[in-house]
Amino acid sequence: RFHSSSLLPKHSGSFAGRVPAGLGRKRLRIVVTGGAGFVGSHLVDKLIARGDEVIVIDNFFTGRKENLVHLFGNPRFELIRHDVVEPILLEVDQIYHLACPASPVHYKFLLTSTSEVYGDPLEHPQKETYWGNVNPIGERSCYDEGKRTAETLTMDYHRGADVEVRIARIFNTYGPRMCLDDGRVVSNFVAQAIRKQPMTVYGNGKQTRSFQYVSDLVEGLVALMESEHVGPFNLGNPGEFTMLELAEVVKETIDPSATIEFRPNTADDPHKRKPDISKAKELLNWEPKIPLREGLPLMVSDFRNRILNGDEGKGL
Ligand code: UDP
């Protein structure tokens, strides 16, 4: 929550120290909540690389300092250990909200929502106009309904308080820096194949997901923030795979002798998921560039290093 008492006039004198970035564009000061996490840290890299100042707020529940350690000492980078449910006084131009719910007032605010708002979808592929099929009392509903409520609040602030907002609905994303053991399918299969353990396929493995490489997502988030559109926008790769097909690709990529093992599936697991990205293509001029077979090898060396070093994904 960005407490209202933290608001300062947007063009107050304290901005005087700013120097224009190289390309003649004003250098922005940007907060990334959850910036020490998987997607957040890649986004931070991109914003720093283009010349902006970045303040990361992270409570390190799941984020890791290792994801940002290469930026320590950079004068345009700051890291604050802080839980975003507590107020914080900051003066910034943009907020990318990748951590928990927030209630900002005067900034441009981008909410990272999720394809889970579509629940177990009855429409396929899913367009942004689809209202979803979520079990409100199911095991995963705290996440799904939490993000749906975050979308509601974001739109209420937009309509009621004129906050400039953006909503991204992120589909399954993978890449280097993913938590090793938080149970997502790509990280599980890759870690299992590297450790020479069987890949655990839940259910019959015929359920589908569409996997997006993290750099494509980061491009999409920035394109959305910079655009004139509120959204929501689906940000995902339409390349759809069953879990069995995914296991096959991991096997080809990492270890041809890798095996699979079936396990019971979790409750309310969506049977299929694939983004319709026509809206983002048309209005943001964005589409993913990296197919699964190209993206997967890019995360393998990171996973190998971390597994060899015994880093199980926790903070420093
Ligand atoms: N899954 C699997 N094996 C695993 C972990 C997950 O087969 O070791 C399946 C899971 O049942 C689901 C799919 O992979 O159908 C995607 O799961 P994940 O948690 O990665 O993403 P989400 O369900 O949030 O889309």
Legend entry - Exposure proxy order (Cβ contacts within 10 Å, fewest to most) of S41, S278, S115: S278, S115, S41
Legend entry - For the stretch 40-184: relative contact order, % (alpha-carbon pairs under 8 angstrom, 6 or more apart): 21 percent
Inset, instruction - Add +1 for every Lys or Arg and -1 for every Asp or Glu among the other residues with Cβ under 10 Å from the Cβ of K127, and state the total. - result: -2
Inset, instruction - Among M199, L98, A168, flag the residue with its Cα farthest along the positive direction of the charge dipole of the stretch 83-200, charges on Cβ as +1 for Lys/Arg and -1 for Asp/Glu. - result: M199
Inset, instruction - Extending each Cα 7 Å along its Cβ direction at D162 and N309, get the distance between those two points in nm, one decimal. - result: 4.9 nm
Inset, instruction - Would you mind working out the magnitude of the charge dipole of the stretch 127-240 relative to its Cα centre, with +1 at each Lys and Arg C-beta and -1 at each Asp and Glu C-beta, to the nearest 20 Debye? - result: 640 debye
Legend entry - Taking D144, D52, D58, D268 and counting other C-beta atoms within 10 Å, the order from fewest to most: D268, D52, D144, D58
Inset, instruction - Kindly express, to the nearest 10 degrees and within the range 0 to 90, the angle between helix 243-254's C-alpha long axis and the longest C-alpha principal axis of the chain. - result: 90 degrees
Legend entry - Size of charge dipole - the stretch 260-299 - debye, nearest 20, with Cβ of Lys, Arg +1 and Asp, Glu -1, no other charges: 100 debye
Legend entry - Student exercise, the chain dipole from Lys, Arg, Asp, Glu Cβ charges, in Debye to nearest 20: 580 debye
Inset, instruction - Mind checking which of G236, P87, H271 is farthest towards the positive end of the chain's charge dipole, using Cβ charges of +1 (Lys, Arg) and -1 (Asp, Glu) about the Cα centre? - result: P87
Inset, instruction - With a cut-off of at most 14 other beta carbons within 10 Å, and DSSP calling the residue loop, which GluC sites (Glu not before Pro) in the stretch 59-92 qualify? Please list them. - result: none
Inset, instruction - Please order L221, L180, L244 by the number of other Cβ within 10 Å, starting at the fewest. - result: L244, L180, L221
Legend entry - Degrees, to the nearest 10: 141-161 long Cα axis against longest axis of the chain: 20 degrees
Inset, instruction - Could I have the simple spin-label model distance between N74 and R293, label points 7 Å from Cα toward Cβ, reported in nm to one decimal? - result: 3.4 nm
Inset, instruction - Any chance you could give the angle, 0 to 90 degrees and rounded to 10, that helix 214-226 forms with the longest Cα principal axis of the chain? - result: 30 degrees
Legend entry - Filtered GluC sites (Glu not before Pro), the stretch 192-258: DSSP coil and at most 11 other beta carbons within 10 Å: E228
Inset, instruction - Between A267 and D182, with labels modelled 7 Å along Cα→Cβ, what's the label distance in nm to one decimal, could you check? - result: 2.2 nm
Legend entry - Cα point-scatterer Debye curve for the stretch 196-316, base-10 log of I(q)/I(0) at q = 0.11, 0.15, 0.17 Å⁻¹: -0.49, -0.86, -1.02
Legend entry - Extreme residue, positive dipole direction of the chain, given options T114, H42, W286 (C-beta unit charges): H42
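Read-outs: derived from the displayed coordinates by stated rules, not from any lab. Just so you know, these numbers come straight off a predicted model, no measurement behind them. Cβ sites come from the backbone with ideal geometry, for glycine too, and all protein chains shown count toward neighbours.
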